[in-house]
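The structure appears right after this line, and notes come after that.
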Amino acid sequence: MGCVIGIFSAKGGVGKSLIATNLGVAVGVGQKRSTALIDLSPGLGTADVLLDLKPERSWADLLPVMDELTDKHLQLAVTEYGPGMDLLACPPGLLDDECLGRENLASLLDVFREKYQVIFLDTFSGWGSVNRAAYLYADLRLMVLTPDVPSLRSTRRYLNSIPEKEITAGLVINQNSPGAAVEPQEIAEHLDLKVFSVLPMDPNGVWSNVSYGQPCVLRKNSRLGKSFRRMAKKVLKCVDR
Ligand SMILES: Nc1ncnc2c1ncn2[C@@H]1O[C@H](COP(=O)(O)OP(=O)(O)O)[C@@H](O)[C@H]1O
Ligand SMILES: [Mg+2]
C-alpha cells in the first residue's frame, strides 16, 4: 500500500509546489520508488510548470468515474514525468473547491495507493474542503512556512483550528537564511511542533526551476537540491516505517 505525504501551508507562496515537485523527482527518479504527485489545486496549481510538463488530462477528468475508478482510468489521466514518476495535474480552469470532496479524494487515493509506493499531495494554502480531506487522508503531514512573522502567525492560527493538530508530523521551514526574522528553534517552540526540514533561501537554485521547469534536485551542485535530496531520504524513512 502506498504512503500519502501531504504538503500543507497556511499562507500561499511559501514553497509547497517547489517542495512537492522536487521531492517527487528525488523519490521517483532519484530513489526509483514508483511515485505520483497529485496537484490538488482546483485550477491554479503550478506542479506541471515546475516539471516542464503539458498535461492533457487532470483530476477533473476523473470526477465522472470516481465511483468506479480503476487503474486504467489513472493511467489515462496521469502525465509521465519520467520512468517511475507521474503527475496528476490540476484542472486547466478554476473549479469549485467542493467538487473534490472527502469521498472523491478517498476513492482517488485508494486507487493511487494500489498503484504507487509514494504519493505526494501538493495542496493550496488555507483550509478549503479539498485541503481538509487531504489533511485527513495523508499518512505524513508536512506544514511549510517561511521564517517570518506573517507566515508564523498564519501557521499558528491554522494549527489552532485543526482538531488533528497532534498528528501533524512536522514543520518544513523554507527560505531560511542567517538573517531570517525567526530562528527554526524559536518557530518550533512557538508552534509546539518538531522541525522536519530546514531548506535554505536559494534564488540561484530556484531560478531555472521556476523559469524552465528543471527541478533543482537533479542538479548536483545546487544547494537547495542537496537539501531536497536529504529531505527525500527522511521522507522515505517515514514511508518505510
Ligand atoms: N528555498 C527557496 N529559495 C528561494 N526562493 C524560493 C524558495 N522556495 C520558494 N521560493 C520562491 O517562492 C515562489 C513560490 O513557491 P511555490 O512553490 O509556488 O509556493 P506555494 O506552492 O506554497 O504557493 C517560487 O516561485 C520561488 O520563486
Ligand atoms: Mg503551489
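Each reported figure results from applying straightforward, stated rules to the coordinates on display, with no laboratory input. All values reported here derive from a predicted model rather than from experimental measurement. Here the Cβ is made from the backbone with ideal geometry for all residues, glycine too, and neighbour counts use every protein chain on show.
Assuming R0 = 25 Å, what is the FRET efficiency of Arg153 and Glu98, from their Cβ-Cβ distance, to the nearest 0.05?
On the way: r = 28 Å, r/R0 = 1.11.
With a Förster radius of 25 Å, E is 0.35.
What per residue convex hull volume, in Å³, do the alpha-carbon atoms of the range 107-196 yield? If you can, show how the numbers build up before the last one.
Working: hull volume 9.4 nm³, N = 90.
Value for the range 107-196: 104 Å³ per residue.
Quick check on the chain: helices-only [θ] at 222 nm, where DSSP H runs of length 4 and up contribute -39,500 (n - 2.57) each and the sum goes over total residues. Nearest 500, please. Working shown, then result.
Working: 9 runs with 92 residues, N = 241.
Helix contribution divided over all residues of the chain: -11500 deg cm²/dmol.
Below 8 Å, C-alpha to C-alpha, sequence gap of six or more: please give me the relative contact order for the range 1-109 in percent. Numbers along the way, then the final one.
On the way: 143 pairs, mean separation 33.1, N = 109.
In percent, rounded to a whole number, it is 30.
Kindly state, as a whole number, the per residue volume in cubic angstrom of the convex hull around the alpha carbon atoms of the range 139-241. Mind dumping the intermediate values first?
Working: hull volume 12.1 nm³, N = 103.
So the per-residue hull volume is 118 Å³.
P(r) for the chain, please, calculated from all Cα pair distances in 10 Å bins and given in %.
8, 35, 38, 17, 2, 0
Please give me the summed charge of the neighbours of Ala36: other residues whose Cβ is under 9 Å from its Cβ, Lys and Arg +1, Asp and Glu -1.
Details: positive: Lys115; negative: Asp86.
Value of the local net charge: 0.
Could you work out the relative contact order of the range 71-218, using alpha carbon pairs under 8 angstrom and six or more residues apart, expressed as a whole percent?
On the way: 142 pairs, mean separation 23.4, N = 148.
Computed over the range 71-218, the figure is 16 percent.
Given 20 °C and 1.002 mPa s, how large is the Stokes-Einstein diffusion coefficient of the range 1-94 in µm²/s, with Rh as the Kirkwood radius over Cα pairs? Show your work: numbers first, answer last.
Numbers: Rh = 13.7 Å.
My calculation gives 156 µm²/s for D.
How much length, in nm to one decimal, is gained on full extension between Ile162 and Arg241, taken as 0.36 nm per residue of separation minus their Cα-Cα distance? It would help to have the intermediate numbers written out before the result.
Working: separation 79, 0.36 × 79 = 28.44 nm, distance 2.53 nm.
Length gained, Ile162 through Arg241: 25.9 nm.
Can you tell me the equivalent ellipsoid semi-axes for the range 51-180? Use √(5λ) from the Cα gyration tensor, largest first, whole Å.
Working: eigenvalues 167, 63, 41 Å².
Over the Cα atoms of the range 51-180, the semi-axes work out to 29, 18, 14 Å.
What lysines does Lys32 reach when the alpha-carbon gap must be under 24 Å and sequence neighbours fewer than 8 apart in one chain are set aside?
Lys16, Lys54, Lys72, Lys115, Lys220, Lys226, Lys233, Lys234, Lys237
State the extension gain, in nm to one decimal, for the chain segment bounded by Leu63 and Gln75, taking 0.36 nm per residue of separation less the distance between their alpha-carbons. The partial results should precede the final answer.
Values: separation 12, 0.36 × 12 = 4.32 nm, distance 1.47 nm.
Length difference between fully extended and current span is 2.8 nm.
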